[in-house]
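These notes concern the structure reproduced below.
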Amino acid sequence: MAYNHVFAFCFSVSGSMEQGGEDVSAEQTRHAIQSRLNDISDEELVECCGVPEDTCEENQQDVKRVVEDVKRLGPFGAMADFRTMIRNSAESMGIVLTASQEYQVAFELGNRRLLR
């Protein structure tokens, strides 16, 4: 049996002028993540990520079915609409997706906005 795990990875972005971070760009975020990864050892990386936040048995067939259904329904709108589209698609087929499977569907569809 194979499993899919979702981990959290902490990093910080300096220089934002908005308290809620609305002005942080994708470039700043990518730079902060890459800098954090470059500055820590493999052991520190494992410690930094800790235990999975979500785990599920990999059921690739369910994920593939949802991916195909969402592709058929496209085009994709705002992130909230995209997430709802994934959930509605799965529900219509009697599939219950975990958070990690939702992220996997988004990744398969190339929607990076859901992966933030």
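The values are calculated or read from the model by the stated rules, or taken from the named source; none is laboratory data. As the structure is a computational prediction, the values presented were derived from the model and not from experiment. Reconstructed Cβ throughout: ideal geometry from the backbone, glycine too, with neighbour counts over all protein chains shown.
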Checklist outcome for this item: Conditions (1) closer than 29 Å to residue 101 by Cβ; (2) surrounded by 11 or more Cβ atoms within 10 Å (Cβ to Cβ) -> residue 35 fails only (1)
Checklist entry - Just one of the numbered conditions (1) in a loop (DSSP other than H, G, I, E, B); (2) among the hydroxyl-bearing types (Ser, Thr, Tyr); (3) in contact (Cβ under 8 Å) with a residue 60 or more places away in the chain is not true of residue 14; which one? => result (3)
Checklist outcome for this item: The residue from 36, 65 that alone is touching a Cys at 6+ places or on another chain (Cβ under 9 Å) and in a helix (DSSP H, G or I) is 36
Checklist outcome for this item: Going through (1) at pLDDT below 90; (2) surrounded by 10 or more Cβ atoms within 10 Å (Cβ to Cβ) one by one, residue 2 fails only at (2)
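Is it the case that residue 90 is modelled with pLDDT of 80 or more and either within 20 Å of residue 3 (Cα to Cα) or surrounded by fewer than 16 Cβ atoms within 10 Å (Cβ to Cβ) (or both)?
Values: modelled with pLDDT of 80 or more: yes; either within 20 Å of residue 3 (Cα to Cα) or surrounded by fewer than 16 Cβ atoms within 10 Å (Cβ to Cβ) (or both): yes.
Against the criterion (modelled with pLDDT of 80 or more and either within 20 Å of residue 3 (Cα to Cα) or surrounded by fewer than 16 Cβ atoms within 10 Å (Cβ to Cβ) (or both)), residue 90 qualifies.
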